[in-house]
Amino acid sequence: MSTDLNTDLINPVESFLRTDRMPHIWCPGCGIGTTVNSFARALIGSKIDLDSLALVSGIGCTGRVAGYVKLDSFHTTHGRAIPFATGLKLANPKLNVVVYSGDGDLSAIGGNHLIHAARRNIDLKVICVNNLIYAMTGGQTAPTTPDHATTSTNPYGTFEPAFNLPHLVEAAGAVYVARWTTFHVRQLARSISEAFQKKGFSFIEVISPCPTLYQRRNKLGDSLDTMKYYKEKSKVRNGAPTKEVGLTMSGEIVVGKFVDCDRPDYQAMMRAQYVHSLGEKFVELPYEEEEAETVCS
Amino acid sequence: MKADPGGVLTGEHFIDGDHACCEGALAAGANFASGYPITPSTEVVERFAARVPTVGGTFIQMEDELAASITLQGAVWGGAKAFTVTSGPGFSLMMEHIGYAAMTETPCVFVDVQRGGPSTGLPTLPAQADMMQARWGSHGDYSIIALCPNSPQECFDLTIKAFNLSEEFRVPVMFMMDEVVGHMTEKVVIPPADQIEVVPRKHTKKSVEDYLPYGTNGDMVPEMAHAGEGYKFHVTGLTHDERGYPNMTLATQDKLVRRLQNKIRGSVDRIAMFEEEHLEDADVVVVSYGITSRVAQRAIDAARQRGLRVGKLRLITAWPFPENKFRELAKKVKAFVVPELNLGQMALEVERATNGQAKTFCITHAGGGVHDPEEILKVIVEASR
């Protein structure tokens, strides 16, 4: 065992971070940093080649993740992380491409791209940090804001139904769908590791506190209270029908792995079609073949 | 370097401008396109979709133009040469990502086959009314390059040029076709690959330790790396320093935005291409571009036959605008006649550059057709008085 104190003191996730960019911009009690920690631990656990890993974010609090990870990282435009990542993956199929962004970015302004990437089964790992609100801009209603929560743009309470994201992406075609909260750091890391084993569109939702704008405005206490809520009200139901996992403001949070199935990803389907139609005229791109049957568990 | 023969369809062809543009892209080494269907531009990507699997590369039809215009940029950072193709309404949707490409210095080409607008306008009929949008459409200060072909042959030749300029300056290049040029069928000669000059990506040769993603070493255009090569670089649309890191100081903003502008403005003489005729003795200069230049040619020839001293200046590069060229000409000529398929766009630039030293007569047209050469001739006669 090393006795070098300096070595011993290095946080194991530090080598994944741009420490020259610290301190980060996230508020005290924000859950995004926690998710990054789980992500880094998943990378350590899965022994992913970091040179071939690229991370793409959109805009918003979670959109800033791209700026803090020591990877090829792209902070793109609002809502467009998924199409950018699609181009990156298609141009270089050897890359592992992660999309790391927030609920507003991915499901409102980027909602169309979310469902179409799932439909196409593009090989992307999407990590959606869901803090139930637009946080960067000051706490406006998001498509994920539950019940009658108070926001800056619904000061008398929201009345729009919220998206149930696991249900949405499963319907659109995702091959892997899981949800955890920032209380479930190990389970989250495990799900991220599992997603790296999948070929196709994987979606992991992480319910995360925004103490500054969501919890405070809705009198839900501080982040510690939120952790207690996550701990007490989360129920692990692996394989739960996604139709039943919608969120409410203070009710049960169904967490777990909801979908884990296999079907050919976009590039496999494209290649198969070209081979079928063009035969020898098809000029192959560098691509590692991995046949996937359509199986759902 | 010379073009890869794989994508070059050497020979004589009888094809339209849209198809010629696609062949130009393939000859330039484009191996990625993302698009969304829109008249009158779709034939470009239809041909690309048919051709690219036989030469190596990818076409993806995206769910909208917002996606198409950023998917291609992801592909560029993954190592591809990429472009997208659209027309007015789609071009409007792409504006944010033209700004993103300018800010992140992503080399790529946006083809706009112009049709009548505003809004849905005249989907199947020509216009040249996106010229200012091409220059100023995205928010903030930046510069782009815009080229205007006037024949299917030029759709081929200048598409290669557009890719080359985008690589040399790491800038999005707007390829400003119009519906007539796009749908006009003419002879297009595609030379052998070894006669086609292709500018390669300005890829860094520096080590991972020494590489600064937005460091410029004085030549204004930084060197690029691709994802997956171990550089672990960061790209952002936020104001960023030489490391590519967000930095919101006024000093960083000033340095970055001025460089993005100056790398193009400062090279206008290298970038600007025009075709000129009879400028030596001209009293009046007809300034035109795209399909209008071919209509104007008839008026110019007729005016010359009448003994009028009229010259021709065809803008092949619309942006950056060659101000000095106009400033010099304005000292010698009486007037500029600017026919264009809009209500006065490039004519404003002519006025600005000549600063009252010569008169500017803009011959406007709301789009949907082309000018009557007689109408241009009348204005030439008036301007010659």
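Tell me, which helices (runs of 4 or more DSSP H) lie completely within the stretch B:14-103 with 2 or more residues that are acidic (Asp, Glu)?
Values: elements: B:17-27, B:42-51, B:65-77, B:88-93.
Helices (runs of 4 or more DSSP H) meeting the threshold: B:17-27, B:42-51.
Take the residues in the stretch B:66-115 that are small (Gly, Ala, Ser) and more than 12 Å from chain A (Cβ to nearest Cβ); name whichever of them is surrounded by the fewest Cβ atoms within 10 Å (Cβ to Cβ). Please lay out each step first, then the result.
Within the stretch B:66-115, the subset small (Gly, Ala, Ser) is B:67-69, B:74-75, B:78-80, B:82, B:87-88, B:90, B:92, B:99, B:101-102.
When the remaining residues are screened for being more than 12 Å from chain A (Cβ to nearest Cβ), the result is B:87-88, B:90, B:92, B:102.
On the way: B:Ser87: 28, B:Gly88: 28, B:Gly90: 23, B:Ser92: 16, B:Ala102: 23.
The selected residue is B:Ser92.
Quick check: is even one residue across the stretch B:337-353 more than 18 Å from B:Val381 (Cβ to Cβ), charged (D, E, K, R), touching a residue at least 40 places away in the same chain (Cβ under 8 Å) and not in a helix (DSSP H, G or I)? Write out each step before concluding.
Step one: of the stretch B:337-353, the residues more than 18 Å from B:Val381 (Cβ to Cβ) are B:340-353.
So of that shortlist, the ones also charged (D, E, K, R) come out as B:340, B:349, B:351-352.
Filter once more, so that each one left must be touching a residue at least 40 places away in the same chain (Cβ under 8 Å): B:340.
Retained after the next criterion (residues that are not in a helix (DSSP H, G or I)): B:340.
Yes, because at least one residue in the stretch B:337-353 is more than 18 Å from B:Val381 (Cβ to Cβ), charged (D, E, K, R), touching a residue at least 40 places away in the same chain (Cβ under 8 Å) and not in a helix (DSSP H, G or I).
Only one of these conditions is not met by B:Met177: (1) farther than 18 Å from B:Val295 by Cβ; (2) part of a strand (DSSP E or B); (3) under 14 Å from the mean Cα position of the chain (by Cα). Which number is it?
B:Met177 satisfies all of (1) farther than 18 Å from B:Val295 by Cβ; (2) part of a strand (DSSP E or B); (3) under 14 Å from the mean Cα position of the chain (by Cα) except (1).
What's the number of the only condition in (1) more than 18 Å from B:Ala299 (Cα to Cα); (2) in a strand (DSSP E or B) that B:Thr360 fails to meet?
In the conditions (1) more than 18 Å from B:Ala299 (Cα to Cα); (2) in a strand (DSSP E or B), B:Thr360 misses (1) alone.
Can you pull out the residues in the stretch A:192-242 that are in a strand (DSSP E or B) and aliphatic (A, V, I, L, M)? Steps first, answer last, please.
Going through the stretch A:192-242, the residues in a strand (DSSP E or B) turn out to be A:202-207, A:234-236.
The answer is A:Ile204, A:Val206, A:Ile207, A:Val236.
Return the residues of the stretch B:51-65 that are under 23 Å from the mean Cα position of the chain (by Cα) and either facing chain A (nearest Cβ under 7 Å) or polar (S, T, N, Q) (or both); say none if nothing qualifies.
Of everything in the stretch B:51-65, those that are under 23 Å from the mean Cα position of the chain (by Cα) and either facing chain A (nearest Cβ under 7 Å) or polar (S, T, N, Q) (or both) turn out to be B:Thr58, B:Ile60, B:Gln61, B:Met62, B:Asp64.
For the stretch B:28-36, check the following and say yes or no: at least one residue is within 12 Å of another protein chain (Cβ to nearest Cβ) and aliphatic (A, V, I, L, M).
Within the stretch B:28-36 (the criterion being within 12 Å of another protein chain (Cβ to nearest Cβ) and aliphatic (A, V, I, L, M)), the answer is yes, since at least one residue qualifies.
Output the helices (runs of 4 or more DSSP H) that fall wholly within the stretch A:58-120 and possess 3 or more residues being facing chain B (nearest Cβ under 7 Å) and in contact with a helix residue (DSSP H, G or I) (Cβ under 9 Å, 6 or more places away or on another chain), or say none. Let's see the steps before the verdict.
Working: elements: A:65-68, A:81-91, A:111-120.
Those helices (runs of 4 or more DSSP H) span A:81-91, A:111-120.
Assess whether B:Pro222 counts as being over 19 Å from the mean Cα position of the chain (by Cα), within 28 Å of B:Phe91 (Cα to Cα), touching a residue at least 12 places away in the same chain (Cβ under 8 Å) and part of a loop (DSSP other than H, G, I, E, B). Show your work before the answer.
Numbers: over 19 Å from the mean Cα position of the chain (by Cα): yes; within 28 Å of B:Phe91 (Cα to Cα): yes; touching a residue at least 12 places away in the same chain (Cβ under 8 Å): yes; part of a loop (DSSP other than H, G, I, E, B): yes.
Taking the combined requirement at face value, the residue satisfies it.
With A:Ala178, A:Ala174 as the choices, which residue is over 11 Å from the mean Cα position of the chain (by Cα) and not charged (D, E, K, R)? Walk me through it before giving the result.
Details: A:Ala178 fails: over 11 Å from the mean Cα position of the chain (by Cα).
Checking each option against the conditions leaves just A:Ala174.
Which one is surrounded by the most Cβ atoms within 10 Å (Cβ to Cβ), of the residues in the stretch B:217-265 that are of a type in the set (A, V, I, L, M, F, W, C) and at the interface with chain A (Cβ under 9 Å from one of its Cβ atoms)? Spell out the reasoning first.
The first filter runs over the stretch B:217-265 and keeps only residues of a type in the set (A, V, I, L, M, F, W, C), leaving B:220-221, B:224-225, B:227, B:233, B:235, B:238, B:248, B:250-251, B:256-257, B:260, B:264.
Of the ones still in play, those that are also at the interface with chain A (Cβ under 9 Å from one of its Cβ atoms) are B:225, B:227, B:233, B:235, B:238.
Working: B:Ala225: 22, B:Ala227: 29, B:Phe233: 23, B:Val235: 26, B:Leu238: 16.
The residue in question is B:Ala227.
Computed from the coordinates by the stated procedures, all read-outs in this text should not be read as laboratory data. Keep in mind that this is a model prediction, so the values were computed, not measured. Neighbour counts are summed over all protein chains in view; Cβ atoms, including those assigned to glycine, are modelled from backbone coordinates with ideal geometry.
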